[in-house]
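Down below is the structure, laid out as structure tokens.
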């Protein structure tokens, strides 16, 4: 069956807004305003994001009515930051349940290098098979971690992670950026026909984030899956407009700064 990635793309680019941090990081990422998923969904809707990323439980309770104009990436596995040891993120929601909720794509985190790598890969390939039966794409969070990984943003480690994601059947790969544009071009090459989305990462100043984003776009990525650098900002709509201009209109940073200086 042909995999329909069109819903997640505008032209050949994509800009997704992530709200899956609550399970992974706990309340530390939020304040009284952005703790409400509806606040983040409003940003995604008003600023025409390519997709919003939610755990299934949030999607069931908040992804209703007008919000369905924004495609849904249902994250179906996860873990907390409370436990130590080798990373493992078990499946928490079936693909079938995600489809019933309204998912246009499935999100899944993998930890290449973990002592649980074999289980992780086996679970993921089953997810890919089921999602592709429906004709919907799978986005793999490719995060090398575990005692075997000394530097999770080393260019060769990231390139290996990209290749793994491609070979396991992912349609999009979410990868951390290592601030080495020439090296990251090699990472993107290793993703082959799987599209690369750069993770937004920890909060930066809006200006630094936009400069980093422009640099990342020069490496050949399809776009971004961002969260904290948008909805933690005092002006999330301005940051969103600036990102939209960078991603979809190829503008320079100096030409979009007026959005965040309002």
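What follows draws every value from the coordinates through simple rules; no lab data is involved. Quantities reported herein were computed from a predicted structural model and do not represent experimental measurements. Because the Cβ atoms are built from the backbone with ideal geometry, glycine has one as well, and the counts that use them run over all protein chains shown.
Data for the structure
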{"quantity": "Residues 189, 75 arranged by fewest to most Cβ contacts within 10 Å", "calculated": "189, 75"}
{"quantity": "Cα coordinate range in the range 100-142, projected on the principal axes (Å, largest first)", "calculated": "33, 16, 14"}
{"quantity": "Full-stretch length increase - residue 2, residue 182 - with 0.36 nm per residue and alpha-carbon distance subtracted", "calculated": "61.5 nm"}
{"quantity": "Relative contact order %, the range 187-249, counting alpha carbon pairs below 8 Å whose residues are six or more apart", "calculated": "39 percent"}
{"quantity": "The range 86-120 residues near the modelled residue 148 label - backbone nitrogen below 17 Å, point 7 Å along Cα→Cβ", "calculated": "86-89, 110-120"}
{"quantity": "Between the range 118-152 and the range 198-217, the alpha-carbon center distance in angstrom", "calculated": "25 Å"}
{"quantity": "Potential lengthening between residue 211 and residue 99 on full extension [0.36 nm per residue; Cα-Cα distance subtracted]", "calculated": "36.7 nm"}
{"quantity": "Label zone at residue 237, where the point sits 7 Å out along the Cα-to-Cβ direction: the range 198-218 residues whose backbone N lies under 19 Å", "calculated": "206"}
{"quantity": "Gain in span if fully extended, residue 31 to residue 66, counting 0.36 nm per residue against the direct Cα distance", "calculated": "10.1 nm"}
